[in-house]
Amino acid sequence: MIRIAESDDDILKCRRVLCELRPHLKEEFFLEAVRQTLADNRLLIFIEAEGIAVSASVFEWGYNLYPGKYIYIDDLSTLPQARGKGHASQLLDWIIDYAEEKKFDQVHLDSGVNAGRFDAHRLYHNKRFNVTSLHFALKVR
């Protein structure tokens, strides 16, 4: 069952799975970092097993001139031992259903390009996501 993180306990259940994707998030700053993230038009959803999240996603919503009313998936992660069981697929379906229900125009995500991401890319293609652009970034500090 997919749950929305509504408490600090829920957020902490997601620490391991989110740190799989974002290993730079140190334990002492994790809770505050996620709280700040969620304060800005974002939701954290997760699938729990035995008291911890095995798969989780953070997504945001907004409006821009190009996509109109959009959802952007910031994070989608599954613990290594829980991969291949359909958890990420379920989270994507939940987000897509949410977008349709709330009348969003588009759902977007970026994904790193390396051999470790090929299974994720296959999933995105299976969910009808298209590669529509290159994403460029400049680190300024």
**Item:** Over region 1-50, volume per residue of the alpha carbon convex hull, in Å³
**Value:** 83
**Message:** Straight-line reach only, C-alpha to C-alpha below 17 angstrom: list the lysines that Lys103 could link to, leaving out same-chain residues fewer than 8 apart.
**Reply:** Lys69
**Prompt:** Residue-wise, which Karplus ³J(HN,Hα) couplings in Hz belong to region 88-96, taking 6.51 cos²θ - 1.76 cosθ + 1.60, θ = phi - 60°, and x for glycine or proline?
**Reply:** 4, 4, 4, 5, 4, 4, 4, 5, 5
**Request:** Mind running the shape call on the chain? Use the C-alpha gyration tensor, a ≥ b ≥ c as the square roots of the eigenvalues: rounded below 1.5 for a/c, prolate if a/b tops b/c, oblate otherwise.
**Result:** rounded
**Prompt:** What value, in deg cm²/dmol to 500, does the helix sum -39500 (n - 2.57) over DSSP H runs of n ≥ 4 give at 222 nm once divided by the residues of the chain?
**Reply:** -10000 deg cm²/dmol
**FRET efficiency, His24 to Lys69 (Cβ-Cβ, R0 30 Å, nearest 0.05)** = 0.45
**Message:** Can you compute the label reach from Gln106? Point 7 Å from Cα along the Cβ direction, backbone N cut-off under 13 Å, restricted to region 53-74.
**Reply:** 62-73
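Share of antiparallel DSSP beta bridges in region 2-126, in percent to the nearest 5?
If I count the DSSP bridges inside region 2-126, around 85 percent turn out antiparallel.
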**Asked** What order, most packed first, do the peptides 72-79, 9-16, 112-119, 54-61 have when packing is the mean number of other Cβ atoms within 10 Å of each residue?
**Response** 54-61, 72-79, 9-16, 112-119
**Asked** Which of the peptides 90-98, 34-42 is most tightly packed, and how do the rest follow, going by the mean number of other Cβ atoms within 10 Å of each residue?
**Response** 90-98, 34-42
**Request:** Give, in nm to one decimal, the length gained when the segment between Arg3 and His125 is fully stretched (0.36 nm per residue of separation minus the Cα-Cα distance).
**Result:** 41.4 nm
**Request:** Could you name the lysines whose alpha carbon sits less than 27 Å from that of Lys26, not counting residues in the same chain fewer than 8 places away?
**Result:** Lys13, Lys139
**Asked** Does anything in region 1-20 have its amide N under 15 Å from the 7 Å Cα→Cβ label point of Asp97, and if so which residues?
**Response** 1-4
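Values in this text are rule-based calculations from the coordinates and carry no lab data. Remember, it's a predicted structure, so these values are computed and weren't measured experimentally. Heads up, the Cβs are rebuilt from the backbone with ideal geometry, glycines too, and the neighbour counts pull from every protein chain shown.
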